[in-house]
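The values are calculated or read from the model by the stated rules, or taken from the named source; none is laboratory data. This one's a predicted model, so the numbers in the text were calculated from it and none came from an experiment. Cβ atoms come from the backbone with ideal geometry, glycine included; neighbour counts cover every protein chain shown. Heavy atoms of the whole protein, side chains included, go into the accessibility calculation; ligands, DNA and RNA do not. Shrake-Rupley method; radii C 1.70, N 1.55, O 1.52, S 1.80 Å.
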There are 2 protein chains.
Amino acid sequence: MESPKKLRIAIDAMGGDYAPEREIAGAVEALRTSNEIFEIIFVGDEQAIHRQLLAQKANDLPWKIVHASQIITMEDSPTAALKQKKDSSLAVGMRLHHEGKADAFVSAGNTGAVLSAATLILGRIKGVSRPTIGTFIPAEHGTCLLLDAGANVDCRAQQLYEFAVMGSIYIQLLRKKERPTIALLSVGEEKSKGTEAVVEAHKLLSASKLNFIGNVEGRDILKAKADVVVCDGFTGNSILKFGESVPGFLKSKLSQFAEQGFINKIAVGLALWPLKASLSDMDPNKEGGVPVLGVKGVTIIGHGSSTATGIKNMILRAVEVAHTQVNRDIEAALLIPVL
Amino acid sequence: MESPKKLRIAIDAMGGDYAPEREIAGAVEALRTSNEIFEIIFVGDEQAIHRQLLAQKANDLPWKIVHASQIITMEDSPTAALKQKKDSSLAVGMRLHHEGKADAFVSAGNTGAVLSAATLILGRIKGVSRPTIGTFIPAEHGTCLLLDAGANVDCRAQQLYEFAVMGSIYIQLLRKKERPTIALLSVGEEKSKGTEAVVEAHKLLSASKLNFIGNVEGRDILKAKADVVVCDGFTGNSILKFGESVPGFLKSKLSQFAEQGFINKIAVGLALWPLKASLSDMDPNKEGGVPVLGVKGVTIIGHGSSTATGIKNMILRAVEVAHTQVNRDIEAALLIPVL
């Protein structure tokens, strides 16, 4: 009897801030911890990848390399870069996935470029106006998926509704929650509060079959009042980046306090361990990455500064998503207009 | 020679969550610490105010009471409440200011109602499309005025520009900064990034005489990259409320860690002092309140849960603002269209 075909995960080996070193280290770690239940396709500069694989003593693992001569950097304009760098690791990897030569694609590269490549090369799922990416915000208990996190800055009500549908399906399948709670971010709990688009989206969500709990406010995100909080990408991105700056702010304030005297210095020194331990959930490498929702395929985007562990977790997430039927469910859910 | 006429500050004695107790205590504190350089007009239930003044042994201080029989609560809809409760402490106090019987008005009541009352009763300054309220965010060094913080959820470019002008003048006069730095919140530093309104506002701000430093992102607020960060009220309100929830989140995470064992409990116990001391700037009572910018008058809005110290600081802020020519400068600056 033939064993079931292994999933093939393509990785943009040149994407992140520390590529290809961390990409290769993370992928090797992923293969080893998962008992090699999948294969890795490294996409990028063949020689550089080979050197890293040699350093990782990874000859016995199930990988192959697909060469790509160009790199899209963090500074590149997404759409321009995709037009000009047809042989970039990002474009080549995404095409491999589109052509069915890989079952998923992961990248810690230029987020805008990965999103554009996924939309242009893989195409949108029927019924989806705009693909979206979210972010998992660590909360007092569990996490909260904030969606959209920057992919779509100007959003109409219909788009907010679609984000809610996609987020709900993702949490249902990946977090195995029967009826994820969905909330709409606004400036007050009343349905009349918010921008025109938000007020309109409230109507759509209320009429939908989703487990919609109504509006929540900025203060409810860290409390994870809902599994999914829907907002436009401008607000989501601003909150995400504001949140990411909180640990640095704390560090700076503690340093300033420590500088005021010897006792202060000792007190801050002692405070570091419980603080770091308490906030370990805030490390984005734990989650690894976020999926591009609404495209025909499986694409996971990671933080540019992902560690090897972050890359490993992105790959394991891609394997997990590729095993589900997120996209089929999204298409089915958006087939019928809600109002 | 006659001494110069004392400023008269009217206070909504029934506004805050702990009114009138904290309102009276804070006002009495303000009078005492400032050597009675101004007078207080308490607006609200005469008997309740008298009782509190008695408890504070404040008979010798320069105050008077103007009775108002109704109260606008935190749950009231702003516009409906203003129509129905003509004799509320908020409406009566704002009218006193409008009629020139008080030089400023402060309230820790229903923010939306105070804003509406200021706009409807005092009227807009010529050239101002929409009055605004901001919030002072404590940053690594100093504070950052985030403007708008929720008064205007749907904003056009012209409004964002006006917020920038008003914020710049406020910081210049109240913080005594010659050329305050102004930034526009967006999802990237490039001028092409952001919503349509933000991209358009970037053009207006670039063409203006303001000390505009370009776009900043959510992560730059706590770094106070600019003295004033301009955004629509939906985003500003979401960030403000998200930020307000950070201390509670930290507390919850530390408690969870403390529960894991005896050593953890001791470690967290030791961490509390340096943490609280380091974050003392985050207490909104230090700032006291924020002004309504763009109306013909001086109105300071405080947090509903303001302490007596918070109320005191609101009153002192009102005195300070009433001594400047913020409104005259705003009118002059907005007289000529920028593009």
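Structural remarks
- The listed residue being open to solvent by less than 40 Å² (accessible area, probe 1.4 Å) and over 18 Å from the mean Cα position of the chain (by Cα), out of B:114, B:28: B:28
- Taking the criterion of being more than 25 Å from residue A:30 (Cα to Cα), open to solvent by 30 Å² or more (accessible area, probe 1.4 Å) and either more than 7 Å from chain B (Cβ to nearest Cβ) or within 26 Å of the chain's Cα centre (by Cα) (or both), the residues of segment A:271-286 that qualify are A:272, A:276.
- Of the strands (runs of 3 or more DSSP E) that lie entirely inside segment A:104-158, those containing 1 or more residues that are in contact with a His (Cβ under 7 Å, 6 or more places away or on another chain) and closer than 20 Å to residue A:310 by Cβ span A:104-107.
- In segment B:298-312, the residue that is nearest to residue B:118 (Cα to Cα) out of those that are small (Gly, Ala, Ser) and open to solvent by 10 Å² or more (accessible area, probe 1.4 Å) is B:304.
- Looking at B:43, B:66, just one residue is touching a Ser or Thr at 6+ places or on another chain (Cβ under 6 Å) and among the β-branched types (Val, Ile, Thr), and that residue is B:43.
- Screening residue A:9 on (1) modelled with pLDDT under 95; (2) of a type in the set (A, V, I, L, M, F, W, C); (3) in a strand (DSSP E or B) shows it passes everything except condition (1).
- Restricting segment A:218-238 to residues that are open to solvent by 20 Å² or more (accessible area, probe 1.4 Å) and over 12 Å from residue B:195 (Cβ atoms), the residue that is nearest to the other protein chains (Cβ to nearest Cβ) is A:219.
- Taking segment B:96-111 as the range and being surrounded by 24 or more Cβ atoms within 10 Å (Cβ to Cβ) and not hydroxyl-bearing (Ser, Thr, Tyr) as the test, the residues that pass are B:97, B:102, B:104, B:105, B:106, B:108, B:109, B:110.
- Residue selected from segment B:175-197 under the condition hydrophobic (A, V, I, L, M, F, W, C) and open to solvent by less than 10 Å² (accessible area, probe 1.4 Å), by the criterion farthest from the other protein chains (Cβ to nearest Cβ): B:182
- Residue satisfying all of: in segment B:31-53; modelled with pLDDT under 95 and on the phi > 0 side of the Ramachandran plot; most open to solvent (accessible area, probe 1.4 Å) among these: B:35
- Within segment A:66-75, being outside any strand (DSSP E or B) and open to solvent by 40 Å² or more (accessible area, probe 1.4 Å) holds for A:69, A:71, A:73, A:74, A:75.
- A single entry from A:249, A:257, A:212, A:262 fulfils the requirement of being modelled with pLDDT under 95 and more than 11 Å from every other protein chain (Cβ to nearest Cβ): A:262.
- Which listed residue, of B:120, B:82, is within 22 Å of residue B:297 (Cα to Cα), without any contact (Cβ under 8 Å) to a residue 60 or more places away in the chain and open to solvent by 70 Å² or more (accessible area, probe 1.4 Å): B:120
- Residues satisfying the stated conditions in segment A:198-209, i.e. more than 13 Å from chain B (Cβ to nearest Cβ) and either open to solvent by 10 Å² or more (accessible area, probe 1.4 Å) or acidic (Asp, Glu) (or both): A:202, A:203, A:204, A:206, A:207, A:208, A:209
- The lone criterion from (1) out of contact with any helix residue (DSSP H, G or I) (no Cβ under 7 Å at 6 or more places or on another chain); (2) in contact (Cβ under 8 Å) with a residue 60 or more places away in the chain left unmet by residue A:28 is number (2).
- Residue satisfying condition, being in contact (Cβ under 8 Å) with a residue 24 or more places away in the chain and more than 19 Å from residue B:86 (Cβ to Cβ), within set B:49, B:41: B:49
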